[in-house]
Each structure stands twice: as structure tokens, then as C-alpha cells.
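Note sheet for the following structure.
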Amino acid sequence: MITFQVSKRLQIYQPSDHSGVLVYVELSGKTVRLSHDLLPWLKSIDESASLSKKSVMRDLNTIDSARFDALWQTLISEHVLVEVDLD
Amino acid sequence: MKIQQITWPHFRHDCSRGNIGVDLGVAAFRLQTSLPDVQKIFYQLYADYAVVEHHQPSDFQVAVSLPNSLRRWLQAQVSFSLDGHSPFLPLPRSQAYPLLEWGMNWCMASYRHNYLLIHAAVLEKNNEAIIFPAPPGSGKSTLCAYLAHSGWRLLSDEMTVINLDTGLVHPFVRPICLKNDAIDLVKTWFPTVVVSNIARDTAKGDVAHVKPPAASVIDINKTAKIRAIILPQYSASVPLDIYALNKCDAYEALSRNTFNEGILGIDGFKTLSRLVEQADTAEIQYNDLSKVAEFLDEGQFKP
């Protein structure tokens with residue numbers, strides 16, 4: 001099973017108008033816009049924890065599967081989550 | 001000492017030798033050019049600026065000159081250079097003055113990374129500034145010229161300079177670059193303002209530069225707190241419509257218009273997010289500048 005860790009030193013900006021969450025990913029130097037309801041999950045992730053698609057889906061059980069698949073692709077492609085090197 | 005206190009013959013002499021320095025607050029430029037039209041326009045538009053004396057350091061030593069080639073004589077062109085290096089291809093001779101202004105902007109955007117730099121106009125009233133980030137064609141410069149001559153302090157027409165530590169905006173007061181129809185409009189609205197000659201058929205169309213108000217130049221080191229971020233969009237059919245803009249959208253709009261957010265990395269993100277959080281945000285469509293001015297003076301963004 002492919003496992004992931006959250007990218008190191010993510011910076012999170014939570015706008016006061018709850019219009020979303022902006023996450024700065026140091027690894028890519030880019031800012032990713034995510035839905036406001038992901039904020040509790042983002043804040044709860046332990047940098048050292050191993051994550052799988054299943055475990056993240058379980059943690060985000062309020063999100064329907066179609067939306068989760070799109071979110072998962074975003075988290076991977078934007079390097080919010082990075083694959084753990086098993087070597 | 002101000003530029004206007006230098007006699008014209010002395011100015012021409014020093015300018016030809018690269019000895020004219022001008023203090024723009026966040027940066028000092030030293031100019032070398034022997035082109036009489038560029039000398040004359042610079043002398044007019046920068047008349048109120050403080051001189052950087054010969055013995056004082058400058059940040060950028062720039063020049064506008066004819067290239068050393070046959071093009072000097074045949075379909076003449078001009079080159080911009082920074083410290084002797086030309087970063088752009090030459091332009092037609094008639095575009096010499098705009099090339100100088102654009103080159104000076106390029107110097108800032110390429111090297112002044114101790115600030116967050118945003119492609120946006122910024123004006124201030126009662127120590128509270130409003131940023132107008134916008135792509136070309138949005139009417140930003142026309143709006144800026146109107147407000148700058150209607151009681152607002154001009155901080156910049158083109159480049160908003162944000163202090164990474166304090167989040168305050170630093171003035172980068174420069175001549176306002178007008179394009180096409182806006183040139184005659186501004187001349188009609190404000191007949192006493194000094195406007196350069198028109199450079200025809202540039203990449204941006206016809207272009208002229210407006211001398212910034214002297215009061216704005218005097219306050220060139222006076223920072224301001226940012227009160228609002230407003231995305232302007234000229235629309236021929238709408239006198240003034242105001243739309244709510246959420247903070248994530250405002251962040252993304254600002255981010256698209258930054259020159260160096262990527263270079264600044266995490267500092268850029270922190271500065272931009274703090275800026276968005278502290279400011280009110282809105283989007284406007286307009287064709288009536290007096291209504292925009294009224295909204296800014298009397299509306300929810302009243303400073």
C-alpha cells in the first residue's frame with residue numbers, strides 16, 4: 001500500500017470570512033486553496049504520521065466519494081501529501 | 001535639493017554623464033542619457049523629486065541610449081541598460097521615454113526583493129491606503145490619475161510596495177502611465193497637469209506619462225496602512241457596480257499580480273495573507289470615475 005506523509009512546514013491561512021483555507025506548500029513554493037471544512041483535518045495531521053488514501057478518507061468521512069477523489073488528487077499533485085520513501 | 005533647482009544646462013550636462021540621481025523613497029536611481037527628449041521629459045516629470053548627490057549611493061544606475069550599430073542611423077532604436085547591461089531588445093527611437101519608465105519598473109521588480117511587490121495602483125487618504133490590483137486594460141491608471149488629482153495621495157500607479165515586517169505600504173511615486181483615449185480624458189479633466197509627449201504605437205498602444213502631484217512626491221517616505229483591496233474593471237455600460245469579494249478570491253487576485261511572491265517564498269505568503277486579512281475587499285465595475293470617487297469617499301471604505 002502506498003503511504004504518504006504531510007509535506008513539511010505547511011503554512012495555513014484561515015481567512016476570517018471562512019471563504020476557504022489557503023495552504024502554502026514550501027516544497028513546491030505554491031499556495032493551494034482548499035475548502036474551509038478541511039481546516040480541522042489539516043490542523044490535526046501529525047507531520048510524522050503515515051497516511052493512506054483509506055485512512056484519509058476515513059478521517060474525512062463527511063465528504064462524498066466523488067469530492068474526495070478530486071481532493072485526493074489535489075493533495076497529491078500539489079504536494080500537500082508526499083509519498084513516503086520506503087527505501 | 002530638488003531636480004527643478006538644478007539649472008537646465010547643468011541638468012543636461014550631468015544627465016549626459018550619468019550624474020543625475022533621483023530619490024524615489026524605496027530606491028534611488030541614477031540616470032544617464034544624452035537623448036534631449038528623454039532629458040527634457042525627465043526634467044519636467046521629476047521636477048519635485050529630491051536629488052541624490054554625486055557622492056551618495058544609488059541602487060540602480062540606468063541609461064537610455066542609441067545602440068552602437070547601424071540602427072543608430074537607419075530606423076533608429078533605443079536601448080535601456082542597467083549597470084551597462086541591456087535586459088531588453090531595443091525599441092523604436094520614439095519610445096525612448098516610456099522605455100526608461102518601463103526599465104525602471106523592471107529594475108524594481110527584478111531586484112527589490114526586500115519588499116513584496118504587487119502590480120497595483122495604491123492611493124491614500126487619512127493614512128489609510130486602497131490597493132487597486134488589476135491587469136492591463138482594466139482602467140487602473142486612468143482611475144489612479146483621477147483620484148491622484150481629486151484629493152487622494154498617490155503612492156504608486158504601477159507598483160505597490162509592501163513592507164514584509166510591518167505590512168505597511170511604501171510610496172513608489174512615479175509618473176502615471178496613460179494609454180490611448182485616457183490621455184486626452186485626463187488632459188480634459190485636469191488641464192493644468194503636466195503630460196509628456198505621446199509615444200505612438202508602443203506595445204501598449206499610444207502612451208504618455210503624467211507628472212505626479214507635488215504633494216505626493218513630498219510624502220515619498222510616508223508609509224500607510226492598507227484599508228482595502230479593490231479590483232477595478234472598466235465597463236462601458238456600467239456607471240458603478242460594487243461586488244463583494246471574499247478573502248480567498250482577493251488573495252488569488254493579488255497573488256496573480258505579484259512580481260515576487262514566489263521568490264519571497266513563505267515570507268511572501270505570510271505578507272500577502274496578512275494583507276488580505278486586515279483589509280476590506282471588493283470588486284467594482286465602472287465607467288463613471290466621479291461615482292467611484294464618491295463611493296471611496298462616502299461608501300464603506302471611507303477612510
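Couple of notes before you dig in:
- Translational diffusion of region B:53-136, µm² s⁻¹ [Kirkwood Rh, Cα pairs; Stokes-Einstein; 25 °C; 0.890 mPa s]: 161
- Förster radius 41 Å - calculated FRET efficiency between A:L60 and B:D165 (Cβ-Cβ, nearest 0.05): 0.65
- Using a cutoff of 8 angstrom between alpha carbon atoms and counting only pairs six or more residues apart, the relative contact order for chain B works out to 16 percent.
- Sites count as exposed loop sites when they are chymotrypsin sites (Phe, Trp or Tyr not before Pro), lie in a DSSP loop, and have at most 16 other Cβ atoms within 10 angstrom; the longest stretch of chain B without one is B:89-303.
- Counting Cβ atoms of other protein chains within 10 Å of each Cβ in A:6-14 and taking the mean gives 2.
- The order of B:R256, B:R93, going from fewest to most other C-beta atoms within 10 Å of their C-beta, is B:R256, B:R93.
- A crude spin-label estimate for the pair B:A244 and A:S77, with each label 7 Å from Cα along the Cβ direction, gives 3.0 nm.
- For B:Q278 and B:Q75, the difference between the fully extended length at 0.36 nm per residue and the C-alpha to C-alpha distance is 67.9 nm.
- Using a Förster distance of 25 Å, the FRET efficiency for B:T7-B:V193 (Cβ separation, nearest 0.05): 0.55
- Extreme residue, positive dipole direction of region B:3-111, given options B:L45, B:S79, B:Q56 (C-beta unit charges): B:S79
- Rounded Å value of the spacing that divides the Cα centres of region B:117-160 and region B:264-284: 17
- 3J(HN,Hα) from dihedral phi, region B:211-228, Karplus parametrisation 6.51/-1.76/1.60, rounded to Hz, x for glycine, proline: 5, x, x, 4, 4, 5, 5, 4, 8, 5, 10, 8, 6, 9, 7, 8, 9, 8
- When +1 charges are put on Lys and Arg Cβ atoms and -1 charges on Asp and Glu Cβ atoms, the dipole computed for chain A relative to its Cα centre reaches about 120 debye.
- Cα pair distances of region B:97-192 binned at 10 Å [whole percent]: 16, 47, 31, 6, 0
- Global size of the protein assembly as shown as Cα Rg and Dmax, reported in angstrom: 24.2, 79
- Cubic angstrom per residue, convex hull over Cα atoms of region B:3-111: 97
- For the protein assembly as shown, a simple Cβ point-charge model (Lys and Arg +1, Asp and Glu -1, everything else neutral) yields a dipole of about 1000 debye relative to the Cα centre.
- Built amide H within the under 5 Å cut-off of B:F172, gap 5+: B:S156
- Rounded to the nearest 20 debye, dipole of chain B from Cβ charges on Lys, Arg, Asp, Glu: 780
- Kirkwood hydrodynamic radius (C-alpha pairs) into Stokes-Einstein, chain B, 25 °C and 0.890 mPa s, D in µm²/s: 124
- Nitroxide proxy distance, nm - points 7 Å out along Cα→Cβ at A:A70 and B:D201: 4.9
- Taking every alpha-carbon pair within region B:219-303, the share separated by more than 15 Å comes to 64 percent.
- Distant-in-sequence amide contacts of B:K222, defined by a placed amide H-H separation under 5 Å and a gap of 5 or more residues or a different chain, comprise nothing.
- Partners of A:K30 within straight-line reach, counting lysines whose Cα lies under 17 Å from its Cα and excluding those fewer than 8 residues away in the same chain: A:K8, B:K270.
- D by Stokes-Einstein for chain A, Kirkwood Rh over Cα pairs, 10 °C, 1.306 mPa s: 119 µm²/s.
- Near B:E128, no amide H atom lies under 5 Å from its own; only residues 5 or more places off or on other chains count, and H is placed 1.01 Å from N.
- Averaged over the residues of peptide A:32-40, the number of Cβ atoms from other protein chains lying within 10 Å of each residue's Cβ is 1.
Coordinate-derived values only; no laboratory data. For clarity, every value in this text was computed on a predicted model and none was experimentally measured. Cβ: placed from backbone, ideal geometry, glycine included. Neighbour counts: every protein chain shown.
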